[in-house]
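Right, one structure below, let's go through it.
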Amino acid sequence: MVDINVEAQVSQLDYLSILAESGMRPGSWNTLRSLAAISEIALKMQGTTIDSYLKQGKFTLGSSVVGSLAAFSRAARREVEIVVAVGIGSHNALSRVIGTSFLDMLRKYLSTVRVTHAIGDSEVCLCLYHKGIPDRTMFSYQGLSPRQFSLRPASLSNTTALISAFELARGLIAIEATELRSRNVSLAIGLGDKKILTKRLCRTIRGLIRDRVVSYIFGDTNEYRQLLDQVNHNSDIIESLCHYSRRSPTTYLMTAGAVGMYAVSTGKVEFLPSRLASGLVNTNGAGDAATGGFLSEHLRSSNLKSALLSARTCAEAVLTSPSSLVECPFA
């Protein structure tokens, strides 16, 4: 999915009024039926159409892709292949623009990009915010249908596949634990957003953990509460993750905002505090960048402390940049 982050240039009152016209309020999420509808919202809020944003490179890559770029750019000297599904073959002109821009950005950072399908329109999420209202409001267009496209890991072997809970929730990735084990494929799952972590999806992810096919889980405090079904009580999340990590070979990274981040594996816990006191200009993509930095270093060294340091370095590179796509800190 392509994320387009837009700061509304209207008054706060007009911002709330435009959201209300769509039955929205700050912090909510709505799925629209067309790319044109998303472009119309952007035009009202910023006076700029989506295709203009794309031509100027003012977009980011959603969920696990940003993490992959932070960890696996050529500068980091790691070999990686990104499998992409975009709607560049669609009849929708705006979708073709999005698909082409998406691929151009990936090719800038990665040496190998494989397009597996071009069925349907590109997936887009318009992330709106106002300087007086920090909560992001999401308008998404889901251009791919699970009936048209489903990625199976049959072509993979001896690898770690980085996916997002969003892709699992949509049914865009077909996962079968026995097949994964037979091919020595493990999963690294980014939890993405608590809004998509339904009870059913959380049960699915916990089942994959019990089936011992999940090497990594990445998320923030609220997402872990959702995953562990601890939303309505104050159970210790870290204690629960320690319990899970003793029973299955899964490593957990939990970001805790300005507090810092935790890593849990085989019952052991490491904590690294945040250190960024000034210079923060952007939060979009910081968690994904931390994911990529942690995964890259932990795959190399299996050391929780150095992986946390790597995660913080990648996150800080995003927090101090106006874009969530930055040059790899390890260049």
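Values quoted throughout were computed directly from the atomic coordinates according to the rules given, and no laboratory measurement underlies them. Treat the numbers as computed from the prediction; the structure is a model and nothing was measured. Heads up, the Cβs are rebuilt from the backbone with ideal geometry, glycines too, and the neighbour counts pull from every protein chain shown.
The amide H of Val214, built 1.01 Å from its N in the peptide plane, has Leu187 as neighbours under 5 Å, considering only residues 5 or more places off or on other chains.
Couplings for the range 36-47, taken from phi via the Karplus curve 6.51 cos²θ - 1.76 cosθ + 1.60 with θ = phi - 60°, read 4, 5, 5, 4, 5, 4, 4, 5, 5, 7, 10, x Hz in order; Gly and Pro are left as x. Applying 1/(1 + (r/R0)^6) with r as the Cβ-Cβ distance of Thr31 and Arg275 and R0 = 41 angstrom yields a FRET efficiency of 0.60. Phi angles of the range 249-258 translate, via the Karplus equation with coefficients 6.51, -1.76, 1.60 and θ = phi - 60°, into HN-Hα couplings of x, 10, 9, 10, 10, 10, 8, 10, x, 5 Hz per residue; Gly and Pro are given as x.
Judged by the mean number of other Cβ atoms found within 10 Å, the most tightly packed of the peptides 216-225, 17-26, 32-41 leads the ranking 216-225, 32-41, 17-26. Once the Cα-Cα distance is subtracted from the 0.36 nm per residue extended length, the Ser302 to Asp135 segment shows a gain of 56.5 nm. Amide H contacts under 5 Å for Ala174: Leu151, Arg152, restricted to partners 5 or more places along the chain or on a different chain, H placed in the peptide plane at 1.01 Å from N.
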